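Reading through the structure tokens given below for one structure.
The values are calculated or read from the model by the stated rules, or taken from the named source; none is laboratory data. Everything quoted here is computed from the prediction, not taken from an experiment. Neighbour counts are summed over all protein chains in view; Cβ atoms, including those assigned to glycine, are modelled from backbone coordinates with ideal geometry. All accessible areas refer to the heavy atoms of the entire protein, side chains included, with ligands and DNA or RNA removed. Shrake-Rupley method; radii C 1.70, N 1.55, O 1.52, S 1.80 Å.
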Amino acid sequence: MASIRGHILKVKVDLVAKNIGSAKNELSLIDEAFEKAKTSASDENKRIIEELQVTLRKARADIDIDLPAAINRIDLLWHEMSKLLRKA
């Protein structure tokens with residue numbers, strides 16, 4: 001989960017720098033990492049990871065349409081990951 005958070009930080013930086021292609025690649029890596037994490041997670045954590053994936057996918061869709069909204073979703077994802085890491 002900590003490595004996922006590092007990738008989220010890279011996405012945040014890429015979006016602010018308007019480096020959209022790199023941000024999309026990082027989002028794909030994060031989605032794959034979430035899928036791997038779900039295989040070993042408890043039922044409650046699987047539900048949380050699925051919610052995070054929904055936010056991630058919405059952010060990816062927003063990148064081309066509404067960049068500020070995508071940045072806000074990534075910020076939300078960042079804070080939700082922080083709460084998840086504090087729980088663990």
Completion exercise
Checked pairs for region 25-50, first under 10 Å from ILE4 (Cβ atoms) and at pLDDT below 95, second surrounded by fewer than 17 Cβ atoms within 10 Å (Cβ to Cβ) and charged (D, E, K, R), C-beta under 7 Å and 6 or more apart or across chains, list as ILE49/LYS38
Exercise for the section: Kindly establish whether ALA37 is small (Gly, Ala, Ser) and under 11 Å from the mean Cα position of the chain (by Cα). Expected result: no
Completion exercise
In region 65-88, anything closer than 16 Å to VAL54 by Cα and either in contact (Cβ under 8 Å) with a residue 12 or more places away in the chain or open to solvent by less than 40 Å² (accessible area, probe 1.4 Å) (or both) is listed as ALA69, ALA70, ILE71, ARG73, ILE74, ASP75, LEU76, LEU77, TRP78, GLU80, MET81, LEU84
Problem - Out of LYS24, LYS18, LYS58, sole residue that is more than 9 Å from the chain's Cα centre (by Cα) and on the phi > 0 side of the Ramachandran plot - result: LYS18
Exercise for the section: Within region 47-62, identify whether any single residue is out of contact with any Lys or Arg (no Cβ under 7 Å at 6 or more places or on another chain) and hydroxyl-bearing (Ser, Thr, Tyr), and answer yes or no. Expected result: no
Exercise for the section: Only residues that are hydrophobic (A, V, I, L, M, F, W, C) and either open to solvent by 30 Å² or more (accessible area, probe 1.4 Å) or outside any helix (DSSP H, G or I) (or both): list them for region 1-30, please. Expected result: MET1, ALA2, LEU9, VAL13, VAL16, ALA17, ILE20, LEU29
Problem - Check on LEU52, part of a helix (DSSP H, G or I), aliphatic (A, V, I, L, M) and open to solvent by 20 Å² or more (accessible area, probe 1.4 Å) - result: no
Problem - Residues of region 1-19 that turn out to be over 15 Å from HIS79 (Cα atoms) and in contact with a Leu (Cβ under 8 Å, 6 or more places away or on another chain), as a count - result: 2
